[in-house]
Amino acid sequence: MKIFALTFGGPDAASTHYRLLQFTERFAAAGIEFRHAPIAGFDQFESLREHDLVVLQKSLVSGRLFRRIRDNARRLVYDIDDLIWLSPTKTHSWWTRFRLNRRVMRIARGVDACIAANEVIAEALRDFGGNAEAIRSEEHTSELQSPCN
């Protein structure tokens, strides 16, 4: 199996590391070829056809960019670890909220599946019409437990 991830950031971005890159050795041990590149500046859309699965990580890409990815991906999964379309620190105009919600809806409905970091995010994606599941690795679960226990 061949997986290609279009990542939110480079290898130093926390969400890219913890949601994808930390599993590189496990993928290799399972015989899965895993490659990745940041979505920013990515232009080799035809190369996505060579992979069994494409993961779009977290980015709220434009409709045009999403269509280019979708048209070239055999199977497409959206991986998200926060509610990036909501900003607790600033109030968006009605137009910006409309555009962000439209992007989320287009992506959620247009992918084969959504992987969310928790049930709150999964439910929000389902509200937009997506097929979403909350997935958290056992490693993360043990790391989240208080050291005082």
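The values are calculated or read from the model by the stated rules, or taken from the named source; none is laboratory data. Everything numeric here is computed off the predicted structure, so don't read it as measured data. So basically every Cβ, Gly included, is an ideal-geometry build from the backbone, and we count neighbours across all protein chains shown. The protein model used for the area step is the full one, side chains on, heavy atoms only, and it has no ligands, DNA or RNA in it. Shrake-Rupley method; radii C 1.70, N 1.55, O 1.52, S 1.80 Å.
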| message | Suppose the filter is more than 25 Å from Lys2 (Cα to Cα), surrounded by 13 or more Cβ atoms within 10 Å (Cβ to Cβ) and either at pLDDT below 90 or of a type in the set (Lys, Arg) (or both); does Arg75 pass it? | response | no
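Listed here are the residues, each with its yes/no results for (1) farther than 22 Å from Gly129 by Cα; (2) over 16 Å from the mean Cα position of the chain (by Cα).
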{"position": "His17", "(1), (2)": "yes, no"}
{"position": "Phe34", "(1), (2)": "yes, no"}
{"position": "Arg49", "(1), (2)": "yes, yes"}
{"position": "Val77", "(1), (2)": "no, no"}
| request: Those residues that are assigned to a strand (DSSP E or B) and small (Gly, Ala, Ser), I need them from region 19-59; list them, please. | output: Ala37
| note | Residue count, region 85-115, condition small (Gly, Ala, Ser), at pLDDT 95 or above and not in a helix (DSSP H, G or I), comes to 1
| Can you tell me which of Gly63, Gly31 is open to solvent by 20 Å² or more (accessible area, probe 1.4 Å), among the small types (Gly, Ala, Ser) and more than 20 Å from Ala13 (Cα to Cα)? | Gly31
